[in-house]
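Below is one structure, written out as structure tokens, with a few remarks after it.
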Amino acid sequence: NLSEKVLKESKEVLKNQTSADLVFLDETLFQEIVEATTTAKVDQELSVFDFRVKVKSQNFLFSKSDLENLVKDFAVSQAPPDKKLWPESLKINFKRESIDFQSGKMVLNVKIESKIYSEIETDSLSKAISGKSLEETQILLENQPQIKDFKIKLRPFWVKRVPEKIRRIKIDINFTVD
């Protein structure tokens, strides 16, 4: 159908012209054919004819970064006070609930998924393990509920105690996705 093809092409043109920092949702797009004309008459056979279509398109666009910041702020406010949001795990999905082009209002259902974690105070952890033996350090770290896994590297290899000087202790935190 030519009308469907024109609407599809019109949508693609709009998408391609939309700035990358704006969110374009197909489900918020409204399109209608406001005029269609042809040089051919009904039941007239022609090898070539003109077919012109005028399409009106409307869509709600919004700043991706503004929405992400709003969603992050909301997600952070919903997390327990002793937890932090893991930004790399944040997933945001939008679904249009209602739309009114006359009033310029749209209601979106936003689904947010994110991992949260307990913040690890590296300074206090360094103080807690300084001067401890390898065995004492392992026991202390195993009893930290926010630590899932750890590796202790003491150098040179014959050293059996964590350094006394905190500045000589290096703690690297790595996040993993379950």
Cα gyration tensor, region 78-142 - rounded (a/c under 1.5), prolate or oblate: prolate
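Could you calculate, for region 90-178, the ratio of the Cα radius of gyration to the Kirkwood radius, expressed as Rg to Rh? Walk me through the numbers before you get to the answer.
Working: Rg = 22.9 Å, Rh = 16.9 Å.
Here Rg/Rh amounts to 1.35.
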In whole Å, how far is the Cα centre of region 39-107 from that of region 114-147? 45
Comparing VAL42, VAL34, VAL110, which has the greatest mean-square fluctuation in the GNM of the chain with Cα pairs linked when under 10 Å apart? VAL42
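With a 10 Å radius around each residue's Cβ, average the other Cβ atoms per peptide and rank 158-167, 20-29, highest first. Spell out each step's value before the answer.
Working: 158-167: 11.7, 20-29: 13.8.
Order by mean packing, descending: 20-29, 158-167.
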Among VAL107, VAL71, PRO81 the positive-end extreme of the charge dipole of region 52-136 (Cβ point charges): VAL107
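If each DSSP helix of 4+ residues adds -39,500 (n - 2.57) and the sum is divided by the residues in the chain, what number results at 222 nm, nearest 500 deg cm²/dmol?
One gets -8500 deg cm²/dmol as the mean residue ellipticity at 222 nm.
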Equivalent ellipsoid, region 70-112 (semi-axes from 5 times Cα gyration tensor eigenvalues, Å): 28, 11, 7
My understanding is that a pair violates if its Cα-Cα distance is over 25 Å; which of LYS91/LYS148; LYS83/LYS160; LYS15/LYS84; LYS91/LYS127 do that in this structure? LYS83/LYS160; LYS15/LYS84; LYS91/LYS127
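Once a ≥ b ≥ c are taken as the square roots of the eigenvalues of the Cα gyration tensor of region 1-91, is the result rounded (a/c under 1.5), prolate (a/b larger than b/c) or oblate (a/b not larger than b/c)?
Working: a/c = 4.82, a/b = 4.59, b/c = 1.05.
Prolate shape, in that a/c is at least 1.5 and a/b is the bigger ratio.
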For region 111-178, dividing by residue count, accessible area per residue (probe 1.4 Å) in Å² works out to 84
Just to verify a number: what accessible area does ILE152 come out at with the full protein assembly present, 1.4 Å probe, Å² rounded to tens? 50
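Full extension from VAL110 to LYS91: what is 0.36 nm times the residue separation minus their Cα-Cα distance, to one decimal in nm?
Values: separation 19, 0.36 × 19 = 6.84 nm, distance 1.02 nm.
That works out to 5.8 nm of additional length.
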Solvent-accessible area, 1.4 Å probe, carbon plus sulfur percent, for region 1-145: 48
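Compute the relative contact order of the chain as a whole-number percentage, counting only Cα pairs closer than 8 Å that sit 6 or more residues apart in sequence. Don't jump to the answer; show the numbers that get you there.
Working: 185 pairs, mean separation 25.5, N = 178.
About 14 percent, as a whole number.
The values are calculated or read from the model by the stated rules, or taken from the named source; none is laboratory data. None of the values given here were measured: they were computed from a predicted structure. Cβ atoms come from the backbone with ideal geometry, glycine included; neighbour counts cover every protein chain shown. When the accessible area is computed, the model is the full protein with side chains, heavy atoms only, and any ligands, DNA or RNA have been set aside. Shrake-Rupley method; radii C 1.70, N 1.55, O 1.52, S 1.80 Å.
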